[in-house]
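The values are calculated or read from the model by the stated rules, or taken from the named source; none is laboratory data. Computed from a predicted model, the values in this text were never measured in an experiment. Backbone-built Cβ (ideal geometry, glycine too); neighbour counts: all protein chains shown.
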């Protein structure tokens, strides 16, 4: 569904991504873990066209390297950024409306207002509340829900559990599993290794701008040298 091959990205003269090759299949949760500053968020931004990439990005069999972000979004990639990026002055319902993509036809399992409010009953209660008045957990729910309103085939989620209470973290983990069961490809950028290990089908470890490990959670669990060198603080 989503794949990169020998992907490079730069901020000015700083070479951040150094030949990243990875893939995510439909219905699969793939976690991207590593220390801060190794390029995980830059990978998501490069896929979305927010950072100009050098290399190959393919989505659903089509090369999308160099496409603008709005075109990539309408093709079916949803992006949940680390800073959530809700519109603080707009209500919950208005934020959700901005996530709707006007496409011909529909696919099985499509997300609409009723599906979102059923999965996030708190957002139904707060539908007329401005985004700035929501708690951190509610804002994260709104960001996820707004992305799902676009009915993506693939969703990239950057650090969704940062600063959230354990109960909300558990709810988000359950939601990601539900999304994958609906056939959506999920790329999860996550700092908490325990979450990545519990819900992922595969795990990539990034270090120094490239992939240093690719395998199942069990294989990573059985590789203490990888965890010690690239994950432990």
*So, in segment 183-195, of the ones that are at pLDDT 90 or above and buried (at least 16 other Cβ atoms within 10 Å of the Cβ), which residue ends up farthest from residue 112 (Cα to Cα)?*
189
*Here are 171, 138: which of them is more than 20 Å from residue 95 (Cα to Cα) and more than 13 Å from the chain's Cα centre (by Cα)?*
171
*Taking into account only those residues within segment 111-145 that are touching a strand residue (DSSP E or B) at 6+ places or on another chain (Cβ under 8 Å) and at pLDDT 90 or above, which is farthest from residue 162 (Cα to Cα)?*
128
*Residues of segment 25-38 satisfying the condition of being buried (at least 24 other Cβ atoms within 10 Å of the Cβ) and more than 11 Å from the chain's Cα centre (by Cα)*: 33
*Residues being in a loop (DSSP other than H, G, I, E, B), out of contact with any strand residue (DSSP E or B) (no Cβ under 7 Å at 6 or more places or on another chain) and under 20 Å from residue 160 (Cβ atoms): count how many of those fall in segment 41-83.*
2
*Go through (1) in contact (Cβ under 8 Å) with a residue 40 or more places away in the chain; (2) closer than 18 Å to residue 24 by Cβ; (3) crowded, with 18+ Cβ neighbours inside 10 Å and name the single condition residue 173 misses.*
(1)
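Here is a yes/no grid of residues against (1) loosely packed, with under 15 Cβ neighbours inside 10 Å; (2) under 12 Å from the mean Cα position of the chain (by Cα):
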residue: 117; (1), (2): no, no
residue: 125; (1), (2): yes, no
residue: 133; (1), (2): yes, no
residue: 143; (1), (2): no, yes
residue: 150; (1), (2): no, no
*asked:* Going residue by residue through segment 218-228, is there one that turns out to be outside any loop (DSSP other than H, G, I, E, B), over 15 Å from the mean Cα position of the chain (by Cα) and buried (at least 20 other Cβ atoms within 10 Å of the Cβ)?
replied: yes
_So residue 54, is it farther than 24 Å from residue 75 by Cα and surrounded by fewer than 22 Cβ atoms within 10 Å (Cβ to Cβ)_ = no
*Hey, can you tell me all the residues within segment 51-76 that are under 15 Å from the mean Cα position of the chain (by Cα) and at pLDDT 95 or above?*
59
_Test: residue 168 is without any contact (Cβ under 8 Å) to a residue 60 or more places away in the chain and in contact with a helix residue (DSSP H, G or I) (Cβ under 9 Å, 6 or more places away or on another chain)_ = yes
